[in-house]
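My structure is below; once you've seen it, I'll send some questions.
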Amino acid sequence: MAVINFMLHWGSTILHGADTSLLNLGGPSHRARPFLLTGKVCAKWPVIGLLALLVPAAAAADEQQCLAEAMYYEARSQGWRGMLAVGVVIQNRVRDGRYPDNVCGVVKQGRYWRGNPVRHKCQFSYYCDGKPERPGEQKPWTTAQDLAHTLLTNRVEMAGLEDATHYHTTSVLPSWSRKLTFRQVIGQHVFYTEE
């Protein structure tokens, strides 16, 4: 198997790696678990030997906002990797016919009463926790926005989460988790797939 080296400047983050099947996100001193990156990359970013299937996708501003908010509020304390894992699950749901076919539909899925989400009855808990969505931590918010843009303009898959559609925090064990197949733990979240 040939090795392809690449470097991609992405927002304030740089992607580095050297592997034909798995690419690493993070600098040389920040070794992370691998993920696959396929897609169309902005021409202004230098890309050297990027292993990619060009799969262009349009990223509407509201979809990017929904995705960035979900990653930020669900996993901002877990760094880029935890936020990316949440974003990958959302994207997996968008591609799965059992869920809404757009990011905002997935993120805002839940029970509603008179047009408002019922508290604690949403698929993504931050959306119906009764608190306003006003990002207060600039660095993780910027990271979430960069990740959302990347997820919506590229096909990104994290190794082990290719088909993950569910997660919960490590502090709880919901009854629904027993019906799903465990994938892995990333940060403070446990990830599953429906099979």
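The values are calculated or read from the model by the stated rules, or taken from the named source; none is laboratory data. Bear in mind that the values here come from a model prediction, so they are computed numbers and not experimental data. We place every Cβ from the backbone using ideal geometry, glycine too, and count neighbours over all the protein chains shown.
Does at least one position in the stretch 121-133 carry a residue that is surrounded by fewer than 11 Cβ atoms within 10 Å (Cβ to Cβ), under 16 Å from residue 66 (Cα atoms) and not hydroxyl-bearing (Ser, Thr, Tyr)? Spell out the reasoning first.
Residues of the stretch 121-133 that are surrounded by fewer than 11 Cβ atoms within 10 Å (Cβ to Cβ), as a first pass: 130-132.
Remaining after also requiring under 16 Å from residue 66 (Cα atoms): 131-132.
Subsequent filtering for residues that are not hydroxyl-bearing (Ser, Thr, Tyr) retains 131-132.
Taking every residue of the stretch 121-133 in turn, at least one turns out to be surrounded by fewer than 11 Cβ atoms within 10 Å (Cβ to Cβ), under 16 Å from residue 66 (Cα atoms) and not hydroxyl-bearing (Ser, Thr, Tyr).
Could you list, in sequence order, the residues of the stretch 93-116 that are polar (S, T, N, Q) and over 18 Å from the mean Cα position of the chain (by Cα)?
Looking only at the stretch 93-116, we keep the residues that are polar (S, T, N, Q), and these are 102, 109, 116.
Residue satisfying the conditions is 116 alone.
Of the residues 153, 143, which is under 16 Å from the mean Cα position of the chain (by Cα), closer than 17 Å to residue 68 by Cβ, at pLDDT 95 or above and of a type outside the set (A, V, I, L, M)? Before the answer, list the steps.
Numbers: 153 fails: at pLDDT 95 or above.
Sole residue among the options that is under 16 Å from the mean Cα position of the chain (by Cα), closer than 17 Å to residue 68 by Cβ, at pLDDT 95 or above and of a type outside the set (A, V, I, L, M): 143.
Scanning for something surrounded by fewer than 18 Cβ atoms within 10 Å (Cβ to Cβ), in a helix (DSSP H, G or I) and at pLDDT below 95, does the stretch 37-48 turn up at least one residue?
Going through the stretch 37-48, the residues surrounded by fewer than 18 Cβ atoms within 10 Å (Cβ to Cβ) turn out to be 38, 40, 42-48.
In the following step, the residues that additionally are in a helix (DSSP H, G or I) were identified as none.
No; the residues of the stretch 37-48 include none that is surrounded by fewer than 18 Cβ atoms within 10 Å (Cβ to Cβ), in a helix (DSSP H, G or I) and at pLDDT below 95.
Another one. Out of the residues in the stretch 96-118 that are out of contact with any strand residue (DSSP E or B) (no Cβ under 8 Å at 6 or more places or on another chain) and surrounded by fewer than 13 Cβ atoms within 10 Å (Cβ to Cβ), state the one that is farthest from residue 157 (Cα to Cα). Show your work before the answer.
The initial filter retains those residues of the stretch 96-118 that are out of contact with any strand residue (DSSP E or B) (no Cβ under 8 Å at 6 or more places or on another chain), namely 96-107, 113-116.
Then keep just the ones that are surrounded by fewer than 13 Cβ atoms within 10 Å (Cβ to Cβ); that gives 97-98, 101, 113-116.
Details: 97: 18, 98: 19, 101: 18, 113: 35, 114: 37, 115: 34, 116: 33 Å.
Checked the stretch 96-118; the qualifying residue farthest from residue 157 (Cα to Cα) is 114.
Residue-wise test of (1) in contact (Cβ under 8 Å) with a residue 60 or more places away in the chain; (2) touching a His at 6+ places or on another chain (Cβ under 9 Å).
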position: 86; (1), (2): yes, yes
position: 92; (1), (2): yes, no
position: 104; (1), (2): no, no
position: 113; (1), (2): no, no
position: 141; (1), (2): yes, no
position: 154; (1), (2): yes, no
position: 167; (1), (2): yes, yes
position: 181; (1), (2): no, no
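Also: Determine whether residue 59 is hydrophobic (A, V, I, L, M, F, W, C) and modelled with pLDDT of 90 or more.
Values: hydrophobic (A, V, I, L, M, F, W, C): yes; modelled with pLDDT of 90 or more: no.
No; evaluated as a whole, the condition is false for this residue.
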